[in-house]
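Inspection log for the structure reproduced underneath, given as C-alpha cells.
The values are calculated or read from the model by the stated rules, or taken from the named source; none is laboratory data. Predicted model only: the values in this text are computed from it and were never measured. When we count neighbours, we look across all protein chains shown, and the Cβ atoms used for this are built from the backbone with ideal geometry, even at glycine.
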Amino acid sequence: MEYQVTFGGKPVRLVGRHCEVGEKAPSFTLVDGSLQCVPSERFYGKVRIYSVFPSVDTPVCSLQNIRFNREAARLGDDVVVLSVSVDLPFAQKRFCAAEGIDRVYVLSDYRELDFGLKYGFVLEGYRLLARGVVVVDRDDTVRYVEYVPEVSHEPDYEQVLHVVRGLVR
C-alpha cells in the first residue's frame, strides 16, 4: 500500500516501511547536538513519544516541539519524548537553546534516514521527514501512529497524550 500526505497542498509519497499499531518498534540510530550517535535502545523500558517533523526552522515545527516539551514535564520520568527531523544537529541545538527546549531529546536523522525509512516518514524528493507521532510502550510495541495528512498541520496532541497516559497507569 502506498502512503502519501500533502506538503503545502501538493501530494507527496512517503518512502520507507510504514509502521502499524501492534507491531514491534524498529530500532534506529540518530545523532545528537554533539554529533554523537544515539541508539533507540538507550530508551528501552520507557514509554516513548517519537515526535516527527520536517524542520525546526518552520513555525508549526517550533510549536510542536514547544508543546511536547511542556507535556514532557507533566508526564513524568517513565515517558521520554524524542523529536526527530533531518535538521543538522547544530541547527537543532541552536533551536533548543533559543526556545528553552530542555525536556525533549531533539535528534537528527540527517546521516542515514534510519528512523525515517524504518517508520515510513521520508517525503519523497525532499529528503525531509513528514509530520507525525509514534508512541511505543515499555515493551517496544507500537501503540499509536499518526502520519499527519497535511505536513503544515499539527499532530493530534490530545490523542497522543490519551494513549500515553493509558500506558503509564
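Numbers for the structure displayed
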item: Filter result for the condition that a residue is among the aliphatic types (A, V, I, L, M) and in a strand (DSSP E or B), over 49, 101; result: 49
item: Residue list for the stretch 104-121, restricted to those being of a type in the set (Phe, Trp, Tyr) and part of a helix (DSSP H, G or I); result: 115, 119
item: The listed residue being modelled with pLDDT under 95 and either crowded, with 23+ Cβ neighbours inside 10 Å or not hydroxyl-bearing (Ser, Thr, Tyr) (or both), out of 81, 106, 56; result: 56
item: Flag for residue 69 being buried (at least 16 other Cβ atoms within 10 Å of the Cβ), in a helix (DSSP H, G or I) and touching a Gly at 6+ places or on another chain (Cβ under 8 Å); result: yes
item: Flag if residue 52 is under 13 Å from the mean Cα position of the chain (by Cα) and either under 16 Å from residue 111 (Cβ atoms) or in contact (Cβ under 8 Å) with a residue 40 or more places away in the chain (or both); result: yes
item: Residue 57 farther than 21 Å from residue 6 by Cβ and among the acidic types (Asp, Glu); result: no
item: Pair list, Cβ under 7 Å, 6 or more apart: the stretch 5-26 residue touching a residue at least 40 places away in the same chain (Cβ under 8 Å) and over 15 Å from residue 147 (Cβ atoms), other residue in a loop (DSSP other than H, G, I, E, B) and of a type in the set (S, T, N, Q); result: 8/152
item: Test for residue 62: is it outside any loop (DSSP other than H, G, I, E, B) and crowded, with 23+ Cβ neighbours inside 10 Å; result: no
item: Residue 95, sole failed condition from (1) among the hydrophobic types (A, V, I, L, M, F, W, C); (2) surrounded by fewer than 21 Cβ atoms within 10 Å (Cβ to Cβ); (3) free of Cβ contacts under 8 Å to residues at least 40 places away in the same chain; result: (2)
item: Unmet criterion (only one of (1) surrounded by fewer than 24 Cβ atoms within 10 Å (Cβ to Cβ); (2) in contact with a helix residue (DSSP H, G or I) (Cβ under 7 Å, 6 or more places away or on another chain); (3) of a type outside the set (Gly, Ala, Ser)) for residue 126; result: (2)
item: Any pair with Cβ under 9 angstrom, 6 or more apart, that starts in the stretch 99-113 at a residue that is without any contact (Cβ under 8 Å) to a residue 60 or more places away in the chain and ends at one that is among the aromatic types (Phe, Trp, Tyr); result: 101/68; 101/95; 103/68; 104/68
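To keep it simple, each residue is scored yes or no on (1) under 13 Å from the mean Cα position of the chain (by Cα); (2) more than 20 Å from residue 89 (Cβ to Cβ); (3) buried (at least 20 other Cβ atoms within 10 Å of the Cβ).
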| site | (1), (2), (3) |
| --- | --- |
| 110 | no, no, no |
| 139 | no, yes, no |
| 143 | no, yes, no |
| 155 | yes, yes, yes |
| 165 | no, yes, no |
